Each structure stands twice: as structure tokens, then as C-alpha cells.
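Notes to accompany the following structure.
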Amino acid sequence: MRIERRQTPRSRVYRGASVVFNGGQSVLECTLRNWSDTGALVRMSDWIALPKTFEIDSPGESVRVRQCWRRGDDVGVAFLTQGECQPVAPISLDAIRKRRQLG
């Protein structure tokens with residue numbers, strides 16, 4: 001039996017969106033699979049390293065999120081409150097290359 005840990009129930013959705021980070025320099029296509037008042041499930045088209053926080057842009061809205069868990073191409077995110085939202089410095093290309101070499 002699976003224990004429900006979410007604060008609010010999620011509704012199933014299937015709509016295209018974009019993951020945006022690096023000050024808008026990096027934009028990746030994704031699919032929203034479920035959505036609630038506090039978080040969502042994002043399915044990436046391919047495995048790619050994501051920062052801890054990023055934005056999800058979908059038609060009509062943009063939300064800042066924090067990555068909570070990851071299983072393959074699926075990413076569970078929680079919506080950040082206004083107080084938690086802070087500008088995120090872009091990741092340098094050298095830092096990305098170093099992470100790939102280490103990992």
C-alpha cells in the first residue's frame with residue numbers, strides 16, 4: 001500500500017510546457033503530468049541535469065519551482081512561495097562541463 005505524502009491532491013493533466021533556467025538562457029520542452037495547489041509532476045523528453053530551482057512556463061502561467069525528487073525523466077516539483085523566490089545566478093559553461101566530467 002502506498003502512503004500519500006502530498007499536502008493536496010493532484011489532478012491528472014497532459015499539457016506541454018517548458019522548463020526555464022539559467023536566466024532564461026536554457027529552455028527545455030516538457031510535459032506536465034499532474035498538478036495541484038502545491039506542486040506538479042513534470043516529464044522531461046530526455047534525461048538532463050536540472051538545477052534545484054527553475055521555472056515552469058505553460059500557456060497562461062509561469063511558476064517558480066523546487067525539485068523534490070527525480071526518477072529517470074520524471075521530476076516531482078513543489079511550487080515556491082513569494083518569500084522563497086530569489087534570483088538564481090546563471091550556471092557557467094565551465095561548471096556544466098566539470099559536472100559532466102565528474103558524473
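Quick note: the coordinates plus some simple rules give every number you see, no bench work behind them. This one's a predicted model, so the numbers in the text were calculated from it and none came from an experiment. Cβ atoms come from the backbone with ideal geometry, glycine included; neighbour counts cover every protein chain shown.
Does a label point 7 Å from the Cα of T81, set along Cα-to-beta-carbon, have any residues of region 34-65 with amide nitrogen under 16 Å, and which are they?
So the set is 37-39, 64-65.
For region 19-77, which chymotrypsin sites (Phe, Trp or Tyr not before Pro) are in a loop by DSSP, counting at most 16 other Cβ atoms within 10 Å? Let's see the in-between values first.
Numbers: sites: F21, W35, W47, F54, W69; in loops: W47.
Sites meeting the loop and neighbour criteria: W47.
Which three extents, in angstrom, do the Cα atoms of region 1-71 have along their principal axes, listed largest first?
41, 25, 19
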